[in-house]
Structures are given as structure tokens and as C-alpha cells.
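Asker: Right, I'll just put the structure down here and ask away after.
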Amino acid sequence: MAERTKGALLILSGGARELWGRVMRDRETALHGRCEQLAGRAAIACARARLSIRTAQTI
């Protein structure tokens, strides 16, 4: 559950950073925000995979 929350926060903060970078026309900040969003999505995907593996092991 903590990984999902952390992933969601990374997606939110990355979106804000990307938007700020676009407003300021700073490509580096915008790209960093995009990478942060992708890291958040990856964290959520890993959490889902771990949950499905645990579920499959208990069956």
C-alpha cells in the first residue's frame, strides 16, 4: 500500500514539475517532471505485480 501511495505522489509532483517547466520554458525541469511521473507509474505497476504474485501463491 505504501508503494502505491508513493507512486501516486510521484505522479502528482511530476505533473506539477512538468507543468511548471513548460510554463517557464525550461525543458530540463519539464523532462525531470516527466521522468518523475514515469517513476511513479513504475512503482504502482510493481506494487500491482507483487500483489498478484502474493495472491497467486496463496491459491
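Asker: Quick one: how many residues across the stretch 43-59 are surrounded by 13 or more Cβ atoms within 10 Å (Cβ to Cβ) and within 10 Å of the chain's Cα centre (by Cα)?
Answerer: Summing the residues that are surrounded by 13 or more Cβ atoms within 10 Å (Cβ to Cβ) and within 10 Å of the chain's Cα centre (by Cα) in the stretch 43-59 gives 2.
Asker: For residue 9, which of the numbered conditions (1) touching an Asp or Glu at 6+ places or on another chain (Cβ under 9 Å); (2) open to solvent by 90 Å² or more (accessible area, probe 1.4 Å) fails to hold?
Answerer: Failed condition: (1).
Asker: Given the criteria free of Cβ contacts under 8 Å to residues at least 12 places away in the same chain and surrounded by 13 or more Cβ atoms within 10 Å (Cβ to Cβ), does residue 27 qualify?
Answerer: no
Asker: While we're on this one: Taking interchain pairs and intrachain pairs at least six residues apart, which have beta carbon atoms under 9 angstrom, with the first residue in the stretch 30-56 and polar (S, T, N, Q) and the second part of a helix (DSSP H, G or I)?
Answerer: Here the result reads 37/10; 37/11; 37/12; 37/13; 37/14; 37/15; 37/17; 37/18, each pair linking the stretch 30-56 to a residue that is part of a helix (DSSP H, G or I).
The values are calculated or read from the model by the stated rules, or taken from the named source; none is laboratory data. Predicted, not measured: the structure shown is a model, and the values here were computed from it. Every residue, glycine among them, receives a Cβ derived from its backbone with ideal geometry; neighbour counts consider all protein chains shown. Protein only, heavy atoms only, side chains kept; ligands, DNA and RNA dropped before computing areas. Shrake-Rupley method; radii C 1.70, N 1.55, O 1.52, S 1.80 Å.
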